[in-house]
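J.: Sharing a structure below in structure tokens format, with a few things to ask.
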Amino acid sequence: MTNNEFVLQGTPSIEQQLLNKENTPIVTTKYDLKTAGFWVRFWAFILDGLIISAVVGIVVNPIFYLMDWSLSDSIWYAPISIISAILYYCYFVLMTKFLGQTLGKMAFGLRVVSLQHDKLTWSDVLFREWIGRLISNIIMPLYIFVAILPDNQGIHDYFADTTVVHEKVYVAKETAQPVAQPTAPIHESTKEPEKIEEKPEES
């Protein structure tokens, strides 16, 4: 076996190496905040519920006692139900809009972020914390979508195009960008030189 045969069989040619290098995709690493899963959001929600119940018990119930209004009515249009619902949704809407997190989320290091904007807009917050949360509260099993949908989005997140992330936890995401193939060079057409007829020498 000659040296040339060994090169052809064992190692790629220089042209092939350059071609492989050009076709290799560029891999870039991006660090994004880690999205919060179901259970940590569940415990943050439970803590928010306890806080709202404490506010209702401290502020609203004494007023009802003084006015001799009933606190035992459980129907949705009862005064205590309406006032509790107003406090509940105002708590989530205002805290999320101005701070990006409720007290429960603060305790667990969570924050609501928009997937479309740099900051949460009023439409994001109202769709998430009012309309979306109202639907999720009526049909409680919908909260399980936090563990199913991409970016750990609940139904209320899906409506507003938001998600919940850990404030100081990052994950690395690698993306491969294909290399643009260079266009073939355009070769200028070359004409064959015209033949010059040789004249016979005069004798």
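J.: Roughly how large, in nm² to one decimal, is the mean projection of the convex hull of the alpha-carbon atoms in segment 57-117?
T.: One quarter of the hull surface, i.e. the mean projection, equals 5.9 nm².
J.: Enumerate the amide H contacts of K34 below 5 Å, restricted to partners 5 or more residues apart or on another chain; note that Pro and chain-start residues carry no placed amide H.
T.: H166, V169, Y170, V171
J.: Once phi is turned into θ = phi - 60°, what whole-Hz ³J(HN,Hα) does the Karplus curve with 6.51, -1.76 and 1.60 give for every residue of segment 135-140, x standing for Gly and Pro?
T.: Taking θ as phi minus 60°, the curve returns 5, 5, 6, 6, 10, 4 Hz for segment 135-140.
J.: Between T162 and residues 5 or more places away or on another chain, which pairs have amide H atoms under 5 Å apart, with H built 1.01 Å from N, and which residues are they?
T.: L115
J.: Let me check something: with ligands and nucleic acids excluded, how do S53, S114 order by accessible area (1.4 Å probe), largest to smallest?
T.: Listed by decreasing accessible area, they come as S53, S114.
J.: Set the Förster radius R0 to 30 Å, insert the Cβ-Cβ distance between I131 and T28 as r into 1/(1 + (r/R0)^6), and round the FRET efficiency to 0.05.
T.: Efficiency at R0 = 30 Å is approximately 0.20.
J.: Something else: Accessible surface of I144 in the full protein assembly, 1.4 angstrom probe, to the nearest 10 Å²?
T.: Roll a 1.4 Å probe over it and I144 shows about 80 Å².
J.: Any idea of the accessible area per residue across segment 102-142, 1.4 Å probe, to the nearest Å²?
T.: Normalised by residue count, the accessible surface of segment 102-142 is 58 Å².
J.: What distance in nm separates the simple spin-label points at I83 and F38, each placed 7 Å from Cα in the Cβ direction?
T.: 3.7
J.: Counting only protein heavy atoms and a 1.4 Å probe, tell me what percentage of segment 40-129's accessible area is made up of carbon and sulfur.
T.: 71
J.: Among residues other than K173 whose Cβ falls under 14 Å from its Cβ, what is the net charge (Lys/Arg +1, Asp/Glu -1)?
T.: -1
J.: Now a separate question. How would E174, E167, E129 line up by accessible area, probe 1.4 Å, largest first?
T.: Highest to lowest solvent-accessible surface, that is E174, E167, E129.
The values are calculated or read from the model by the stated rules, or taken from the named source; none is laboratory data. All of these numbers come straight from a predicted model, not from anything done at the bench. When we count neighbours, we look across all protein chains shown, and the Cβ atoms used for this are built from the backbone with ideal geometry, even at glycine. With ligands, DNA and RNA removed, areas are computed over all heavy atoms of the protein, side chains included. Shrake-Rupley method; radii C 1.70, N 1.55, O 1.52, S 1.80 Å.
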